[in-house]
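Shown next, in structure tokens, is the structure this report addresses.
The values are calculated or read from the model by the stated rules, or taken from the named source; none is laboratory data. Please read all numbers here as calculations on a predicted model, not as lab measurements. Note that each Cβ is placed from the backbone with ideal geometry, even for glycine, and that neighbours are counted across all protein chains shown. Note: accessible area is taken over every heavy atom of the protein model, side chains too, but ligands, DNA and RNA are not part of it. Shrake-Rupley method; radii C 1.70, N 1.55, O 1.52, S 1.80 Å.
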Amino acid sequence: MKRLFDIVFSCFGILILSPFFIIISIMILLDSKGGILYKQERTGKGGHIFRVLKFRTMRPDSFAKGALTVGSRDPRITNVGYYLRKYKLDELPQLFNVLFGEMSFVGPRPEVKKYTDLYNEEQKKVLSVVPGITDYASIKFRNENDLLSASENPEKLYIEEIMPEKLELNLKYIADHNVFKDIKIIFDTFYTIIKH
């Protein structure tokens, strides 16, 4: 039922939002050099590596300067990218990841291999399910970039404090989830985005 939900609503979302895809694409091209989409390798179900799709919000070669985005005004972020990130519009292309079965609407956010390699045996259980666009952790850590920017060592803060708490929330989701809870998480995510 979860997969059927993903297929139906990803197709519906792509169809309805296609005019916005075009508008956002033009804005990105006019704002800065580089492509429209950003493809980053993430770890999916069973440790399978796939490319998550996002609208490009950073300047070319930004990932080489670090995997973490530090602060909402990270100098690598473009002018248009700031607003795309603020309202999570950069995540819209992941509807295609959902349609292709690489992601679900709700599930643990996929991490880069650099961080999944640090998981202990218990934490690796989050790789037993299809990753999602949103989850409990996405809602709780809506201001993650600001937390990182306030730290003297963002990488250490993420690995030692934020990531373990995210994984704990992910394990909670895996232990007790269904389509109705997924719908609630989706609505809670929208509410969090609008509220901020």
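Every residue, every condition in (1) among the acidic types (Asp, Glu); (2) in contact with a helix residue (DSSP H, G or I) (Cβ under 8 Å, 6 or more places away or on another chain); (3) in a helix (DSSP H, G or I), yes or no:
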{"position": "Asp90", "(1), (2), (3)": "yes, yes, yes"}
{"position": "Phe105", "(1), (2), (3)": "no, yes, no"}
{"position": "Glu152", "(1), (2), (3)": "yes, no, no"}
{"position": "Glu155", "(1), (2), (3)": "yes, no, yes"}
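Is it true that Leu147 is touching a Pro at 6+ places or on another chain (Cβ under 9 Å), open to solvent by 60 Å² or more (accessible area, probe 1.4 Å) and in a helix (DSSP H, G or I)?
For Leu147, the condition - touching a Pro at 6+ places or on another chain (Cβ under 9 Å), open to solvent by 60 Å² or more (accessible area, probe 1.4 Å) and in a helix (DSSP H, G or I) - is met.
Looking only at region 159-181, which residues are of a type outside the set (Val, Ile, Thr), part of a helix (DSSP H, G or I) and either open to solvent by 30 Å² or more (accessible area, probe 1.4 Å) or at pLDDT below 95 (or both)?
Across region 159-181, the qualifying residues are Glu160, Glu161, Pro164, Glu165, Lys166, Glu168, Leu169, Leu171, Lys172, Ala175, Phe180, Lys181.
Residues in region 71-88 that are assigned to a helix (DSSP H, G or I) and either open to solvent by 10 Å² or more (accessible area, probe 1.4 Å) or of a type in the set (A, V, I, L, M) (or both): how many?
Here the count works out to 7.
Among the residues of region 16-31, is any over 24 Å from Val80 (Cβ atoms) and either aromatic (Phe, Trp, Tyr) or in a helix (DSSP H, G or I) (or both)?
No, region 16-31 contains no residue that is over 24 Å from Val80 (Cβ atoms) and either aromatic (Phe, Trp, Tyr) or in a helix (DSSP H, G or I) (or both).
Here is a list of conditions, (1) at pLDDT 95 or above; (2) under 21 Å from Ile7 (Cα atoms); (3) in a helix (DSSP H, G or I), and Ile133 meets all of them except one; can you say which number that is?
The single condition Ile133 does not satisfy is (3).
Restricting attention to region 110-137, and to residues there that are among the acidic types (Asp, Glu) and farther than 19 Å from Lys181 by Cα, which single residue is least open to solvent (accessible area, probe 1.4 Å)?
In this case the residue turns out to be Glu111.
Out of all the residues in region 122-145, which are among the acidic types (Asp, Glu) and more than 16 Å from the chain's Cα centre (by Cα)?
Residue satisfying the conditions is Glu122 alone.
Kindly provide the set of residues from region 2-33 that are among the aromatic types (Phe, Trp, Tyr), closer than 14 Å to Ile133 by Cβ and open to solvent by less than 50 Å² (accessible area, probe 1.4 Å), ordered by number.
Phe5, the sole residue that qualifies.
For the subset of region 35-55 comprising residues that are at pLDDT 95 or above and part of a loop (DSSP other than H, G, I, E, B), which member is surrounded by the fewest Cβ atoms within 10 Å (Cβ to Cβ)?
His48
Between a first residue in region 179-195 that is over 12 Å from Met1 (Cβ atoms) and a second residue that is open to solvent by 100 Å² or more (accessible area, probe 1.4 Å) and not in a helix (DSSP H, G or I), which pairs have beta carbons less than 7 Å apart while being 6 or more apart in sequence or on different chains?
Ile193/Tyr87
Given (1) in contact with an Asp or Glu (Cβ under 7 Å, 6 or more places away or on another chain); (2) under 28 Å from Val8 (Cα atoms), where does Ile162 come up short, assuming only one miss?
(2)
Could you list, ordered by first residue, the pairs with Cβ atoms under 8 Å in which the first is in region 80-97 and under 15 Å from Arg109 (Cα atoms) and the second is of a type in the set (Gly, Ala, Ser) and crowded, with 22+ Cβ neighbours inside 10 Å, at least 6 apart or interchain?
Asp90/Gly81; Leu95/Ser10
Quick one: what pairs do we get from region 37-49, first residue over 23 Å from Arg59 (Cα atoms), second among the hydroxyl-bearing types (Ser, Thr, Tyr), C-beta under 9 Å, 6+ apart or different chains?
Every condition considered, the pairs that remain are Thr43/Tyr115; Thr43/Thr116; Lys45/Ser128; Gly46/Ser128; Gly47/Thr116; Ile49/Thr43.
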